[in-house]
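For reference, the structure is listed below as structure tokens.
The values are calculated or read from the model by the stated rules, or taken from the named source; none is laboratory data. As the structure is a prediction and not an experimental result, all values here were calculated from the model. FYI the Cβ positions are ideal-geometry reconstructions off the backbone, even for glycines, and counts take in every protein chain you see.
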Amino acid sequence: MRQLKARLKNKLKGAKRIAFVGVGSELHGDDVAGILVARQIKDFPSRKKTSVKFKVFLGHTAPENISGQIREFKPTHIVIIDAADVGAKAGNIIMFDPQDEAEVGMSSTHRLPLRILAGYLKASIGCQALIIGIQPKIIDFGQDACLQVRRAAQKVAVSVKALLRAA
């Protein structure tokens with residue numbers, strides 16, 4: 001988890017306003033990973049003033065539908081969190097630039113590829129973008145998220161909260 005915190009800190013260096021976008025379906029098992037993380041970040045109580053403002057957006061299966069709300073927030077950085085099938089072990093966490101999505105070999109269950117959404121937001125807002133992916137085990141309809149994915153979602157949320165707390 002220390003490595004995840006360090007990588008997040010590096011990627012979000014200089015951030016003033018961060019939009020966290022949770023993506024996924026609550027009806028398809030591990031595809032809920034991004035939503036799980038986003039909800040945990042959203043519940044984060046900010047007890048002190050920080051130099052970083054943040055807002056959590058729940059994009060569900062069509063994050064493009066909230067692009068206007070994200071643009072209104074005017075983030076300096078966008079972090080998109082989603083289940084990402086890269087052929088790894090269930091619960092593995094990967095972090096990458098949206099431009100690298102095709103090279104990473106990420107498979108998504110969403111209509112609009114995340115790199116397209118991130119590219120649009122980067123161009124229209126002038127912000128930095130980052131994707132955090134959690135390897136799913138099963139995305140069948142009607143299934144619950146597996147233990148590995150729930151634990152990975154918790155790790156990502158804890159790392160983000162630690163970063164926000166330190167800002």
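On the given criteria, is Ala38 in contact with a strand residue (DSSP E or B) (Cβ under 6 Å, 6 or more places away or on another chain), in a loop (DSSP other than H, G, I, E, B) and not polar (S, T, N, Q)?
Here the answer is no, as Ala38 does not meet what is asked.
Pairs needed: first member in region 154-165, buried (at least 17 other Cβ atoms within 10 Å of the Cβ); second member anywhere, among the polar types (S, T, N, Q); C-beta distance under 6 Å; at least 6 residues apart or different chains.
Matching pairs, first to second residue: Ala157/Gln40.
Do we find that Ala6 is more than 13 Å from the chain's Cα centre (by Cα) and of a type in the set (A, V, I, L, M, F, W, C) in this structure?
Considered against the rule, which asks whether it is more than 13 Å from the chain's Cα centre (by Cα) and of a type in the set (A, V, I, L, M, F, W, C), Ala6 comes out as yes.
Testing Phe141 on (1) touching a residue at least 40 places away in the same chain (Cβ under 8 Å); (2) out of contact with any strand residue (DSSP E or B) (no Cβ under 6 Å at 6 or more places or on another chain); (3) under 30 Å from Glu72 (Cβ atoms), one condition comes back false. Which one is that?
Every condition holds for Phe141 apart from (3).
Return the residue satisfying two criteria in turn: it lies in region 65-104 and is within 16 Å of Ala38 (Cβ to Cβ) and not aliphatic (A, V, I, L, M), and of such residues it is nearest to the chain's Cα centre (by Cα).
Asp82
This table checks each residue for (1) assigned to a helix (DSSP H, G or I); (2) acidic (Asp, Glu).
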residue: Lys55; (1), (2): no, no
residue: Leu58; (1), (2): no, no
residue: Glu64; (1), (2): yes, yes
residue: Ser67; (1), (2): yes, no
residue: Ile78; (1), (2): no, no
residue: Ala88; (1), (2): no, no
residue: Met95; (1), (2): no, no
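Failed condition for Ala166, given (1) within 22 Å of Gly14 (Cβ to Cβ); (2) modelled with pLDDT of 90 or more, with all others met?
Unmet for Ala166, out of (1) within 22 Å of Gly14 (Cβ to Cβ); (2) modelled with pLDDT of 90 or more: (2).
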